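The values are calculated or read from the model by the stated rules, or taken from the named source; none is laboratory data. Predicted, not measured: the structure shown is a model, and the values here were computed from it. Virtual Cβ from ideal backbone geometry, glycine too; neighbours counted across all protein chains shown.
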Amino acid sequence: MKAIECLKYGEVENLVLSNVKKPIAKANEVLIKIHATSVTTSDVLIRRMNEPFIPKLILQLIFGFGRPRNPVLGMVTAGVVERKGKDVTLFEIGDEVFAYGSISPTKRRFGSYAEYICLPEDWNLALKPVNLSFEEAAAIPYGGLLASHLLKKTSINKDDKILIYGASGSIGTMAIQLAKHKGAHVTSVCSSRNFELVTSLGSDKVIDYTIENAEKQLETYKYVIDAVGNSKSSILKEKSKKALTSNGKYISIDHGTPLTPKEAFLNLKSLAEQEKLRPVIDSIYPLEKMAEAHKYVEMGHKRGNVVITI
């Protein structure tokens, strides 16, 4: 089967289209013919592997030294069940499904940059919402699960003021919608070109972090949610960390290891089916242009998700 392999850590040129062995489903697994996947910020981080020494050492202990242990990256899947193992009871051949290849910090599987992948039936795998295309379904798991992880650290009451820094990315666009679903009053921080997008997702107020004295627009918030982490900063971001009510809390995506429990995944599916959660797609690339897609994501200005069709 066709797949994109990361031959070694570094630049996008190390992502190469190859022919690799088609996986075989184990007794508790399904074989999925992939129709769409996505390029996430985490994929780019793993491919580049240019973190400071200690974080880099830890990452390579997890993913492999010099090159990824599994050279086929990608954890997001949307496709059709082609075969199933003898013990599988939750899915049938022909089912349209979507998935995220992580169920816990110790149970994760890459391999969605390919035509096929095998996943255990009890992982973050479910029937695709019928109202979404494969491309739209592929734009839900990554940002949705990480936004769910951030929101789980809150106890939002109706009309609580929340600020989301990095509101136009894959995590931020989901965080806006999940916070609004809980009844929050949301202020989104992004560039002015993304104001229309975040407002359409439910933002009550917007702040352009690129303008001079943007920090003067800050109010006080019960929660300040940082959806981009240490990769980006600004005067506004530093000031926002202290723009909290007396019982307020600053929550960063870089704090702790994100958890991806199945109940959160199934909640995203339910909200999408009810049209209370809208996936946001910036652009779509074919599998053969994976390097180009990575280069675009690496620039750090994508809106929502970059999707790959297979």
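Details
- Among the candidates Lys269, Lys295, residue that is under 23 Å from the mean Cα position of the chain (by Cα) and in the same structural domain as Cys6 (by TED's automatic domain parsing): Lys295
- The residue that is nearest to Ser18 (Cα to Cα), among those in segment 46-103 that are assigned to a helix (DSSP H, G or I), in contact with a helix residue (DSSP H, G or I) (Cβ under 9 Å, 6 or more places away or on another chain) and basic (Lys, Arg), is Arg47.
- Taken over segment 269-310, the criterion of being of a type in the set (S, T, N, Q) and in contact with a Gly (Cβ under 9 Å, 6 or more places away or on another chain) is satisfied by Asn305 alone.
- Unmet requirement for Asn267, which otherwise passes all of (1) part of a helix (DSSP H, G or I); (2) in contact with a Lys or Arg (Cβ under 7 Å, 6 or more places away or on another chain); (3) surrounded by fewer than 20 Cβ atoms within 10 Å (Cβ to Cβ): (2)
- Candidates Ser192, Ser200, filtered to the one that is more than 21 Å from Glu275 (Cα to Cα) and either under 23 Å from the mean Cα position of the chain (by Cα) or of a type in the set (Asp, Glu) (or both): Ser192
- Condition met for Glu29 (assigned by TED's automatic domain parsing to the domain that holds Asn131, more than 28 Å from Asn230 (Cα to Cα) and buried (at least 21 other Cβ atoms within 10 Å of the Cβ)): yes
- If only residues of segment 232-264 that are among the acidic types (Asp, Glu) and assigned to a helix (DSSP H, G or I) are counted, the one that is farthest from Val130 (Cα to Cα) is Glu238.
- For segment 51-101, a residue qualifies if it is over 25 Å from Ala139 (Cα atoms), crowded, with 17+ Cβ neighbours inside 10 Å and among the aliphatic types (A, V, I, L, M), and exactly one does: Val88.
- Helices (runs of 4 or more DSSP H) lying entirely in segment 140-231 (those with 2 or more residues that are touching a Gly at 6+ places or on another chain (Cβ under 6 Å) and of a type in the set (S, T, N, Q)): 170-181
- For Ile176: the one exception among (1) crowded, with 22+ Cβ neighbours inside 10 Å; (2) touching a residue at least 40 places away in the same chain (Cβ under 8 Å); (3) more than 26 Å from Leu287 (Cα to Cα): (2)
- Filter result for the condition that a residue is in the same structural domain as Glu292 (by TED's automatic domain parsing) and either at pLDDT below 95 or more than 21 Å from Ile308 (Cα to Cα) (or both), over Leu15, Leu90: Leu90
- Check on Pro105, out of contact with any strand residue (DSSP E or B) (no Cβ under 6 Å at 6 or more places or on another chain), surrounded by fewer than 19 Cβ atoms within 10 Å (Cβ to Cβ) and on the phi < 0 side of the Ramachandran plot: yes
- Every residue from segment 275-310 that is among the polar types (S, T, N, Q) and within 21 Å of Leu146 (Cβ to Cβ): Ser283, Asn305
- For Thr309: the one exception among (1) of a type in the set (Val, Ile, Thr); (2) within 28 Å of Leu127 (Cβ to Cβ); (3) surrounded by 19 or more Cβ atoms within 10 Å (Cβ to Cβ): (3)
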